[in-house]
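Asks: Got a structure for you, written out below as structure tokens; questions coming shortly.
Coordinate-derived values only; no laboratory data. The structure presented is a predicted model; accordingly, all values stated were derived computationally and were not measured. Cβ atoms come from the backbone with ideal geometry, glycine included; neighbour counts cover every protein chain shown.
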Amino acid sequence: MKRYDVIVIGAGPAGLAAALKADENGASVLLIEREAKLGGILKQCIHDGFGLTRFNEKLSGPEYANREIEKIKKTGVSINTLTFVTKIEKNDDSFTLTLVTRDGIASVIGTKLILATGCRERTSRQIFIGGTNPSGLMTAGAAQYYINILGKMPTKRCVILGSGDIGLIMARRITLEGGQVLGVYEVKPTPSGLTRNIVQCLDDFNIPLHLSHTVTKVFGCDRLEAVEIAEVDEHMQAIEESKHIVACDALIISVGLIPENEIAEQLKIAINPKTKGPYVDQTLMTFAPHVYSCGNSLHVSDLADYVSESGELAGTYAAKSIQKERDLQEIEIDSHLMYFVPSHLDFKSPTRQVIAYFRSAGEYENATLYIEHDGKTLFKKRYLHLRPPEMERIVFSLSPDLAPATVRVYLEVKP
Ligand SMILES: Cc1cc2nc3c(=O)[nH]c(=O)nc-3n(C[C@H](O)[C@H](O)[C@H](O)COP(=O)(O)OP(=O)(O)OC[C@H]3O[C@@H](n4cnc5c(N)ncnc54)[C@H](O)[C@@H]3O)c2cc1C
């Protein structure tokens, strides 16, 4: 059975960056991807705006992915596409992976694992819309796949439910392809997507955004014919008198992404309910020694550039780490924060620089983020605006003599 120092599962931007860095740091690396081509979701994101941080350029998704794919081709990384990881078993000092390939079932052994399996979209089944289940009911990612990969228009006249970024991007794409987007309906009183996407994808194309509204029912047998729209009250309950019918041939759902972690669950790796990805320390190692998590399977990032950065961290630490013992301390967060990654700090780790990502729980102006260790401030940063859709990145250091103690992160918010 072939054996590798590092096996990376998933070849989206996170997995590509992880494999590149693990290789650069001297590890023998196997990169496994279930699809025929490398690049993950970026293959279908043909709009631009990728790579501003990483390459200082405005690239489309495929261009961004190709930069990494070209680099990886020049390395010693072994690549298995059309290969699906179905089972992972833990041995004393390694992991045995069962793979389904075009040639049948195969097995490989890896000393370290990097999970870079991305995320998936919430579907209509997960948000309880009443009525029938006709064709024309699809996620924004599915609409993106139809138009950008298959070259087929899935709608002439649609309604978009949810103001997540993929839905906003698809509102613009459908309009540019000659379709009509009647409106984007968001149940919350604030948009879920980035401000730049609201402006560039809705405002610039006169597509209305209806906040505090939802779809309560769909109609149609074979094909969707109409949806019922309702305004919601402050408890997000539909207001009966506001209900009205809108005729359309598609309902495109963009109500959030969920990290894909079946493999982590198979390994009984603890999942953080706040991020839906594994708990990790500053090296992105999960609670399972030698198993790392990165990219959107760790937490949903708003930019592919941050996804690649987390892949690089996981790849570097997986290749370099020889540490046996850990002293994990939880990072406590206050209710003004939606989440903070890493969730833990390992005080025995030689890695003292911490790259962290967080999202606020609400919209705040003039807020200050504090990181405290044993009651003393380690890091402080003031923000003019914080919004949950916009992920923030910070870097702070742990001095080598810092004793293990609880670390608290909180936002001081001006009323
Ligand atoms: C439908 C959809 C549309 C999106 N559209 C946009 C967009 O327009 N713009 C944007 O900025 N972001 C978009 N995103 C967010 C996007 O996920 C990130 O920008 C980025 O691609 C995440 O990188 P990643 O490497 O973490 O995951 P991904 O790019 O999702 O890559 C994960 C890879 O892992 C593979 N994989 C998963 N499980 C296994 C397994 N068991 N065995 C083998 N391989 C496996 C998958 O096939 C996939 O190639 C979208 C996300 C989704 C789900």
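Asks: Compute the length gained on full extension between ASP401 and ASP327: take 0.36 nm times their separation in residues and subtract their Cα-Cα distance, giving the result in nm to one decimal.
Replies: So the extension gain works out to 25.3 nm.
Asks: Given contacts defined as C-alpha pairs under 8 Å and at least six residues apart, what's the relative contact order of the stretch 65-169, whole-number percent?
Replies: 12 percent
Asks: Set Lys and Arg Cβ to +1 and Asp and Glu Cβ to -1, take the dipole of the stretch 123-255 about its Cα centre, and tell me which of ALA142, SER242, LEU168 lies farthest positive.
Replies: Value: ALA142.
Asks: Here's something else I'd like to know. Are there any trypsin sites (Lys or Arg not before Pro) in the stretch 268-323 that are in a DSSP loop and have at most 12 other Cβ atoms within 10 Å? List them by number.
Replies: Sparse-neighbourhood loop trypsin sites (Lys or Arg not before Pro): LYS268.
Asks: Also: Would you calculate a helix-derived [θ] at 222 nm for the chain, using -39,500 (n - 2.57) for each DSSP H run of n ≥ 4 and dividing by the full residue count, to the nearest 500?
Replies: -4500 deg cm²/dmol
Asks: Taking a threshold of 23 Å on the Cα-Cα distance, which of the pairs LYS21/LYS112; LYS87/LYS268; LYS274/LYS376 fall above it?
Replies: Among LYS21/LYS112; LYS87/LYS268; LYS274/LYS376, the Cα-Cα distance tops 23 Å for LYS274/LYS376.
Asks: Which value in Å is the Kirkwood Rh of the chain over different Cα pairs?
Replies: Here the Kirkwood hydrodynamic radius works out to 22.7 Å.
Asks: For the stretch 327-415, give the magnitude of the charge dipole about the Cα centre (Cβ charges: +1 Lys/Arg, -1 Asp/Glu; no others), in debye to the nearest 20.
Replies: Dipole about the Cα centre, nearest 20: 280 debye.
Asks: When only DSSP loop residues count, what trypsin sites (Lys or Arg not before Pro) in the stretch 27-124 have their Cβ near at most 12 other Cβ atoms within 10 Å?
Replies: Filter output for the stretch 27-124: LYS58, LYS74, ARG102.
Asks: To the nearest 20 Debye, how big is the dipole of the stretch 85-151 about its Cα centre, given +1 on the beta carbon of each Lys and Arg and -1 on that of each Asp and Glu?
Replies: Roughly 220 debye, rounded to the nearest 20.
Asks: Quick check for me: using +1 on Lys/Arg Cβ and -1 on Asp/Glu Cβ, what's the dipole size of the chain about its Cα centre, in debye to the nearest 20?
Replies: My answer is approximately 900 debye.
Asks: Give me the percent relative contact order of the stretch 123-255, please, defined on Cα pairs under 8 angstrom at least 6 residues apart.
Replies: Computed value for the stretch 123-255: 33 percent relative contact order.
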